[in-house]
1. Find the Cα radius of gyration of the stretch 360-405, compare it with 2.2 N^0.38 Å by division, and give the number to two decimals.
2. Could you state the angle between the C-alpha long axis of helix 315-334 and the longest principal axis of the C-alpha atoms of the chain, as a value from 0 to 90 degrees rounded to the nearest 10?
3. If you rank 107, 89 by how much accessible surface each has, with a 1.4 Å probe, what is the order from largest down?
4. By accessible area of protein heavy atoms, probe 1.4 Å, what ranking do 258, 316 get, highest first?
5. If you add up the charges near residue 156, with Lys and Arg at +1 and Asp and Glu at -1, over every other residue whose beta carbon is less than 13 angstrom from its beta carbon, what do you get?
6. Given 0.36 nm per residue, what is the gain on full extension from residue 296 to residue 213 after removing their alpha carbon distance, in nm?
7. What is the helix-to-structure angle for 177-189, meaning the angle in degrees between its Cα long axis and the longest Cα principal axis of the chain, kept from 0 to 90 and rounded to the nearest 10?
8. Can you give the relative contact order of the chain as a percent, counting alpha carbon pairs under 8 Å and 6+ residues apart?
Amino acid sequence: MQLGCVADDFTGATDLAGMFARHGLPTLVVRGVPSDLPATGAEVVVVALKSRTAPADAAVRESVAALKWLREQGCQRFYFKYCSTFDSTPQGNIGPVMDALMSELDTAFTVACPALPVNGRTVYNGHLFVGTDLLHESSMRNHPLTPMDDANLVRLLNRQTSGPVGLISWKTVASGTEAIRDAFAEQRGAGVRVAVVDAIADQDLVALGEACAELPLVTAASGLATGLLTTLRLDFGAPPSVPRVGGACAVVAGSASKTTAAQIGAMRAHHPAFEISAEAVLSGSDVVSEALDWAAPRLAKGPVLVHTAAGRVNVKASEKLELTMAAIACGLVSAGVRRLVVAGGETSGAVVNELGVRTLHIGPEISPGVPWTFTLDGPQPIALALKSGNFGSVDLFTRAFEVLP
């Protein structure tokens, strides 16, 4: 194993793993800190946690445990992966986890770069943009669990970490790898612990990745993986093979994002759909049985969609909806679904937990940041596509099944 990664949720883990797998690197995702590692020959391993919205002390504890396990496997370089919209609260968990991982590795400097230009996430003058909008002016300002009210990453991380936090501007990044390395040395000399790095295009991330060759720890969204590829001593092979997975197809969407809402609308135009409201879940209605009874006669005819209703919900309703959608997903698998798309980071984490999935082999990419994955647990593989709420093209739900033979 050449690179060990700690991801703060499951969709983020598969997003990062897909970046490496598309270049032919044997890549594995494991849920939580495993007791052992399957003999898959993986050179990159991503430990998927559910720490993004956990209490800060729990997030720190789980992240450090994952890092320690990766070190025991022989890793010497590490990647802390968070969302490209920097999902966190004013207190963390990104900053506290950064501090803890740096302390565990006894390193005094790292970088922070949530840029993912292919999906419209860029960093300029230390400010995070979602498309053309500043982070706090995007739909993330209304996120039910991690509402983002500040696009200034330097200011945000100074509140979350032991600091100080510096900035490496795009002018420096555009000057190339050596200029970035010089900036690293200058920031270290000034006592900076975390440098926020601007990036507005893929070539910026390539230059940054090359400059990070000697850093034991980087922290970023999945975009930086592109740059790190040139610094890893890995044996590049063919793109991942696609196992043939039979069985019915279904989509379970628990995300309330605008992107997922458009994807739901596109699928509803051509396939049967069942909507679940937060009110029904909170009232105690047996929506799980209702959804499964509705789906049963339709599964043989093509993909079905089960989704939550549009609109913002509170934290209590959000947690109940996650568990409800996970129970429905598990019921669909019991009914013969073997190709399953799940939308929403928290929903995806709940689904893999309910299914008892421990390890995932990374397969072909459906859309940037959304690969197919294949379970390595149980007698029969299940194809899972775990999608962050804000990722994917409008037709992703229907196109996903066309990627698989």
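The values are calculated or read from the model by the stated rules, or taken from the named source; none is laboratory data. Note that the structure is a prediction, hence the values are computed from the model and not measured. Please note: Cβ atoms are built from the backbone with ideal geometry, for glycine as well, and neighbour counts cover all protein chains shown. Areas reflect the complete protein model, heavy atoms only, side chains present, ligands, DNA and RNA absent. Shrake-Rupley method; radii C 1.70, N 1.55, O 1.52, S 1.80 Å.
1. Details: Rg = 10.9 Å, N = 46, 2.2 N^0.38 = 9.4 Å.
Cα Rg divided by the expected 2.2 N^0.38 Å: 1.15.
2. That works out to roughly 60 degrees.
3. On the way: 107 25, 89 50 Å².
Solvent-accessible surface, decreasing: 89, 107.
4. Working: 258 155, 316 135 Å².
The residues order as 258, 316, largest area first.
5. On the way: positive: 155, 159; negative: 87, 149, 150.
Here the count lands on -1.
6. Details: separation 83, 0.36 × 83 = 29.88 nm, distance 5.21 nm.
Full extension of this stretch gives 24.7 nm more.
7. 70 degrees
8. Details: 924 pairs, mean separation 78.6, N = 405.
The normalised contact order for the chain reaches 19 percent.
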